[in-house]
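What follows is a short report on a single structure.
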């Protein structure tokens with residue numbers, strides 16, 4: 001089953017090619033002549049409000065058939081702004097790509113207060129990872 005993606009103009013063009021090669025339907029903000037617009041213009045705010053109001057939806061996950069271990073969570077009403085996430089992001093290598101990823105502190109903030117038991121468990125694990133990284137860094141210093 002192919003997944004439909006709309007990619008932000010700030011993502012590397014390689015991401016578009018990788019997703020297409022995996023059989024997904026990919027459109028970019030530039031394809032739709034939305035380049036340079038705010039995120040609010042690009043996203044359909046009314047639909048997001050509807051999801052949140054009628055379904056209580058906080059996030060949804062995208063999975064592809066060949067990428068069962070890869071899950072992309074899309075937040076409906078994030079508690080941390082995109083600008084903050086971008087400013088605090090850390091860069092990770094995924095194959096040939098460098099991908100900005102939310103910091104551990106921002107992930108904890110995003111998962112706090114959702115009421116989902118899986119997020120409570122995630123927060124515990126994220127705090128463990130943060131302590132391990134701090135211990136490793138302290139041991140090297």
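List of remarks:
- Gain on full stretching of the segment that runs from residue 138 to residue 20 - 0.36 nm per residue minus C-alpha separation: 38.2 nm
- Stokes-Einstein translational diffusion, region 78-141 - Kirkwood Rh over all Cα pairs, 0.890 mPa s, 25 °C, in µm²/s: 187
- The modelled label-to-label distance between residue 125 and residue 84, using points 7 Å beyond Cα along the C-beta direction, is 2.3 nm.
Read-outs: derived from the displayed coordinates by stated rules, not from any lab. These figures come from a predicted structure and were not determined experimentally. In this analysis, Cβ positions are derived from the backbone assuming ideal geometry, glycine residues included, and neighbour counts consider all displayed protein chains.
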